[in-house]
Amino acid sequence: MLSLGRIGDILPKTTGNDQNYILNLPLEKINCSICEKDDTVIVARGHSDMVKCRKCGLVYFNPRPTMAALIEYYNSNSGYLPFLTETKGGAAPSPYYGKVLKIMTELTGKSESILEIGCGYGNFLFYAKQQGYSNLHGVEPCSEAAEFVKSKGIKVKKGTISDTNYPAETFNLVMMDHVLEHTPNPSGDLKEVARILKKGGIVSICVPNISSFSSFVQRDRWVFKSFPNHLYYFSPKSMENIVKAAGLELVELTSVPFHSGNVDKKILSDMRVPDFLAKRALPFILKNNWGPSILCFARKPK
């Protein structure tokens, strides 16, 4: 068994209460989720190497935990469950949710049949319900979280999107809010989303941005670099590639500060950049798609 004292040398930041538990999760070797090839360059060596696909630019951990190990991890008090529980009954980030719902509704002209993949404790779905949206559904691998959302009157299926077997063309709107980086097969999941979306339907995807200013500056200390909950790391280009590979049309892609607080502002402050320059730098960072997160909207062709 590896010494706890060496964990900092072999792993990036981990999300779990028991580091030995994480170190002993069974791993499996995988190919690129987009290209389905094993042609990578190592970005960082460790317990699991961080690699970059030479063809499409997708960055991911390889090897990574098996599907069974990941399901256990998300349901374990030694793994991700305590961190997920922190969001239970928390205040919904309504400005973000409101913006996403508004854009999706405007793009489709629809305000019903919404599916959230990785719904957690249901904050987004509860917000949508409060705003008058109807026919709400969720998918969540954590049994405790799924049962909590179901107890509030929203239909939830336990497991991953590949487990659900929804009929084709069921939903007008699909929400994937910082989920795709967690999934063992993001390309396969997006193809399933394309299948269950109605023609003209929209999926909203938000993921960490590996090409961000914060990633460049923080490097191994990057706020989103965490194993084994974050398996994949997207750039604007690799996000565009995976969306198109799923048969979806990219409608809009931009970088945003959502879900990372004021990380760029803090970095600039730590670098002692004067406030008047920081105020100019922050919009410049977002404009060039260097923000901490990527937000994109994709449509199923009509």
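Out of all the residues in segment 247-287, which are surrounded by 12 or more Cβ atoms within 10 Å (Cβ to Cβ) and assigned to a loop (DSSP other than H, G, I, E, B)? Those that are surrounded by 12 or more Cβ atoms within 10 Å (Cβ to Cβ) and assigned to a loop (DSSP other than H, G, I, E, B): Gly247, Leu248, Pro257, Phe258, His259, Ser260, Asn262, Val273. Here segment 51-69 is the region considered, the condition is being touching a residue at least 60 places away in the same chain (Cβ under 8 Å) and under 18 Å from the mean Cα position of the chain (by Cα), and the residue that is surrounded by the fewest Cβ atoms within 10 Å (Cβ to Cβ) is Met67.
Give the residue, chosen from Ser33, Ser48, Ser78, that is farther than 22 Å from Leu190 by Cα, touching a residue at least 60 places away in the same chain (Cβ under 8 Å) and surrounded by 20 or more Cβ atoms within 10 Å (Cβ to Cβ).
Ser48
Residues checked against (1) at pLDDT 90 or above; (2) not hydrophobic (A, V, I, L, M, F, W, C):
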{"site": "Leu11", "(1), (2)": "no, no"}
{"site": "Gly16", "(1), (2)": "no, yes"}
{"site": "Ser76", "(1), (2)": "yes, yes"}
{"site": "Phe83", "(1), (2)": "no, no"}
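Among the residues of segment 96-113, the ones that are under 13 Å from Gly201 (Cβ atoms) and either touching a Pro at 6+ places or on another chain (Cβ under 7 Å) or touching a residue at least 12 places away in the same chain (Cβ under 8 Å) (or both) come to 8 in all. Does segment 216-265 hold any residues that are under 29 Å from Arg280 (Cβ atoms), at pLDDT 85 or above and of a type in the set (Asp, Glu), and which are they? The answer is Glu240, Glu252.
Take the conditions under 21 Å from Leu248 (Cβ atoms), in contact with a strand residue (DSSP E or B) (Cβ under 7 Å, 6 or more places away or on another chain) and part of a helix (DSSP H, G or I) and apply them to Val193. Does it pass? For Val193, the condition - under 21 Å from Leu248 (Cβ atoms), in contact with a strand residue (DSSP E or B) (Cβ under 7 Å, 6 or more places away or on another chain) and part of a helix (DSSP H, G or I) - is met. Residues of segment 98-126 being under 21 Å from Ser151 (Cβ atoms) and not in a loop (DSSP other than H, G, I, E, B), which ones? Answer for segment 98-126, where residues must be under 21 Å from Ser151 (Cβ atoms) and not in a loop (DSSP other than H, G, I, E, B): Ile114, Leu115, Glu116, Ile117, Asn123, Phe124, Leu125, Phe126. Just one residue in the set Asn185, Asn229, Asn209 is in the same structural domain as Thr105 (by TED's automatic domain parsing), buried (at least 24 other Cβ atoms within 10 Å of the Cβ) and among the polar types (S, T, N, Q); that residue is Asn209. Among the residues making up segment 163-178, a single one is at pLDDT 95 or above and within 23 Å of Cys35 (Cα to Cα): Met176. When Ala69, Ala91 are checked against the criterion of being under 30 Å from Lys129 (Cα atoms) and either at pLDDT 90 or above or assigned to a loop (DSSP other than H, G, I, E, B) (or both), a single residue qualifies: Ala91. Tell me, which residue of segment 146-161 that is in contact with a helix residue (DSSP H, G or I) (Cβ under 6 Å, 6 or more places away or on another chain) and outside any loop (DSSP other than H, G, I, E, B) is farthest from Phe126 (Cα to Cα)? My answer is Ile161.
Contact map, segment 280-292: residues that are free of Cβ contacts under 8 Å to residues at least 60 places away in the same chain and of a type outside the set (Gly, Ala, Ser) paired with residues that are assigned to a helix (DSSP H, G or I) and surrounded by 18 or more Cβ atoms within 10 Å (Cβ to Cβ), Cβ distance under 8 Å, separation 6+ or inter-chain. Pairs shown: Leu282/Asp264; Leu282/Leu268.
Touching a Phe, Trp or Tyr at 6+ places or on another chain (Cβ under 9 Å), at pLDDT 95 or above and not assigned by TED's automatic domain parsing to the domain that holds Asn185: is that true of Thr40 in this structure? Judged against the criteria, Thr40 is a match.
Inspect all residues belonging to segment 147-165 and state whether any of them is closer than 22 Å to Leu70 by Cα and small (Gly, Ala, Ser).
Yes - at least one qualifying residue is present in segment 147-165.
The values are calculated or read from the model by the stated rules, or taken from the named source; none is laboratory data. These numbers come from a predicted model, not from an experiment. Positions of Cβ are backbone-derived with ideal geometry, glycine not excepted, and every protein chain shown enters the neighbour counts.
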